[in-house]
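The values are calculated or read from the model by the stated rules, or taken from the named source; none is laboratory data. Remember, predicted model here, so these are calculated numbers, not experimental data. Here Cβ is always computed from backbone atoms with ideal geometry, including for glycine, and neighbour counts include all displayed protein chains. For the accessible areas, the whole protein counts, side chains as well, though only heavy atoms, and no ligand, DNA or RNA atoms are used. Shrake-Rupley method; radii C 1.70, N 1.55, O 1.52, S 1.80 Å.
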Amino acid sequence: MRPERGRAKKLIVAFHFQFANQAGWKCDDCRRNGLEKRRNCGWLGGRAPAPRRPVWIRKHAVAEECPVSYVTPQSMAWLEEFTVRKLVGGRRLEALPAKTVDALCVLENEYRREVADGEE
Ligand SMILES: [Zn+2]
């Protein structure tokens with residue numbers, strides 16, 4: 001499997017982070033507990049220079065930074081678009097910007113893998 005880069009990688013982390021224990025990743029709590037450096041949190045000035053190590057992993061999704069700061073608002077918007085489309089449908093794909101279609105394809109791929117895993 002080729003490593004995912006950039007936009008797709010962030011999107012994959014966003015998808016998988018939905019299933020994480022969100023309560024364990026509150027940046028304010030991290031700071032209070034002195035975890036921001038270890039978790040390489042981008043919000044709290046913890047961002048470390050390379051080489052980086054994974055701080056959060058789920059299946060093949062890997063973040064070398066606190067997933068809360070790593071995932072972009074754009075990734076969250078695409079994830080929301082994807083979820084809404086799953087629930088109630090949406091505009092035809094042809095009507096969407098190419099970047100959005102790419103993002104929805106990445107998410108669909110992750111979703112299918114997730115469903116397939118669940119049936120094992
Ligand atoms: Zn954080």
Give the accessible surface of the chain per residue, rounded to a whole number of Å², with probe radius 1.4 Å and ligands, DNA and RNA excluded. 65
Would you mind computing, in nm to one decimal, how far apart the modelled labels at V84 and E108 are, each placed 7 Å from Cα along Cα→Cβ? 1.8
For the chain, what % of the accessible area comes from carbon and sulfur atoms, probe 1.4 Å? 53
Lysines within cross-link reach of K26: Cα-Cα under 20 Å, excluding same-chain residues under 8 positions apart? K10, K37
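Based on the Cβ-Cβ distance of N33 and L93, what FRET efficiency does E = 1/(1 + (r/R0)^6) give at R0 = 41 Å, to the nearest 0.05?
Efficiency, from the Cβ-Cβ distance: 0.40.
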Looking at the chain, which Cys residues are left with no other cysteine's beta carbon under 4.7 Å from theirs? C27, C30, C105
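Please sort 62-73, 86-97, 25-36, 101-112 by packing, taking for each peptide the average over its residues of neighbouring beta carbons within 10 angstrom, highest first.
On the way: 62-73: 19.2, 86-97: 9.7, 25-36: 15.0, 101-112: 16.8.
Answer by packing, highest mean first, reads 62-73, 101-112, 25-36, 86-97.
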